[in-house]
1. Hey, which of the helices (runs of 4 or more DSSP H) in segment 60-162, taking only ones fully inside, have at least 3 residues that are under 18 Å from SER206 (Cα atoms) and at pLDDT 95 or above?
2. Among the residues of segment 83-104, which ones are of a type in the set (Lys, Arg) and over 16 Å from GLY146 (Cα atoms)?
3. Which members of segment 61-82 meet the condition of being touching a strand residue (DSSP E or B) at 6+ places or on another chain (Cβ under 7 Å) and polar (S, T, N, Q)?
4. Which numbered condition in (1) open to solvent by less than 30 Å² (accessible area, probe 1.4 Å); (2) at pLDDT 95 or above; (3) touching a helix residue (DSSP H, G or I) at 6+ places or on another chain (Cβ under 7 Å) is the only one that GLN214 fails?
5. Give just the number: which of (1) more than 9 Å from the ligand (Cβ to nearest atom); (2) touching a residue at least 12 places away in the same chain (Cβ under 8 Å); (3) of a type outside the set (Ser, Thr, Tyr) does CYS32 not satisfy?
6. Out of the residues in segment 35-59 meeting the condition of being outside any loop (DSSP other than H, G, I, E, B) and within 11 Å of the ligand (Cβ to nearest atom), tell me which one is surrounded by the most Cβ atoms within 10 Å (Cβ to Cβ).
Amino acid sequence: MAEQTETAPGAQRFIPPGADTLDELRAAAGGCRGCELYRDASQTVFGRGDERARVVFVGEQPGDMEDQKGLPFVGPAGRLLRRAVDDAGLDPGHIYLTNAVKHFRFELRGKRRIHQTPDRVHITACRPWLVAEFARLHPEIVVVLGATAAKALLGPNFRVTRQRGELLPWPASAQHPEDFQRVPVDSAGKVADTPPAQLLATIHPSAVLRADDQDKAYEGLVADLTVAASALA
Ligand code: SF4
């Protein structure tokens, strides 16, 4: 099991300054040692999907299956999310999926690896990868899945339970909007000609799997994602 640390060097030093594409970032993230989570996990699980995605989903961290396969959202929660994306009417071909923390944090109980929520130190250490991904993405909607992703993007005071399903301006609603400003495409400061972006927070699909009333929790997730789908139309 990974020991908890109070501080971590962070991912910034592992991000090549000249990395222009998500593929280059993904390759570099494979060698990240920005916090101790790399030690026990199998591999870095970077984001995946369409670089021109209209919707970017940000979750918490890879789970057991994601850690083994090296791909985000391929376990039970990922399957549920894909069903919810379909039911909400979002086009699965136009999404990008990533996590706030790119290594699996777990506790070993016998032979079982039990998910542990990342601490603030891990979220902070890994945040440069998220910022770097966003610098190469131009979503119209950012969907924040659960409290860890909300902490990474919106800060510690944001409460998903209170503000889920609300469309907020992006990146103005971020805790540090300057990290997510669109990169000007010319020396006059003109930004890419894309529609203004919005952010919507909802529960993580794993919370649906843990809920006492899974049907109700699933309906709530789909209702929130339907708001995102309507905003795109
Ligand atoms: S969790 Fe993030 S910061 Fe920590 S080692 Fe993995 S990629 Fe690097």
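1. In segment 60-162, 64-69, 76-88, 147-154 are the helices (runs of 4 or more DSSP H) which contain 3 or more residues that are under 18 Å from SER206 (Cα atoms) and at pLDDT 95 or above.
2. Result: ARG83, single match.
3. GLN61
4. (1)
5. Going through the list (1) more than 9 Å from the ligand (Cβ to nearest atom); (2) touching a residue at least 12 places away in the same chain (Cβ under 8 Å); (3) of a type outside the set (Ser, Thr, Tyr), CYS32 breaks only (1).
6. The qualifying residue surrounded by the most Cβ atoms within 10 Å (Cβ to Cβ) is LEU37.
The rows are residues; the columns are (1) of a type in the set (A, V, I, L, M, F, W, C); (2) more than 16 Å from the ligand (Cβ to nearest atom); (3) in contact (Cβ under 8 Å) with a residue 24 or more places away in the chain.
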residue	(1), (2), (3)
HIS103	no, no, yes
ARG113	no, no, yes
VAL131	yes, no, yes
LEU137	yes, yes, yes
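The values are calculated or read from the model by the stated rules, or taken from the named source; none is laboratory data. Since the structure is predicted, the reported quantities are computational estimates derived from the model, not experimental observations. Positions of Cβ are backbone-derived with ideal geometry, glycine not excepted, and every protein chain shown enters the neighbour counts. In case anyone asks, the SASA skips ligands and DNA or RNA and just uses the protein heavy atoms, side chains included. Shrake-Rupley method; radii C 1.70, N 1.55, O 1.52, S 1.80 Å.
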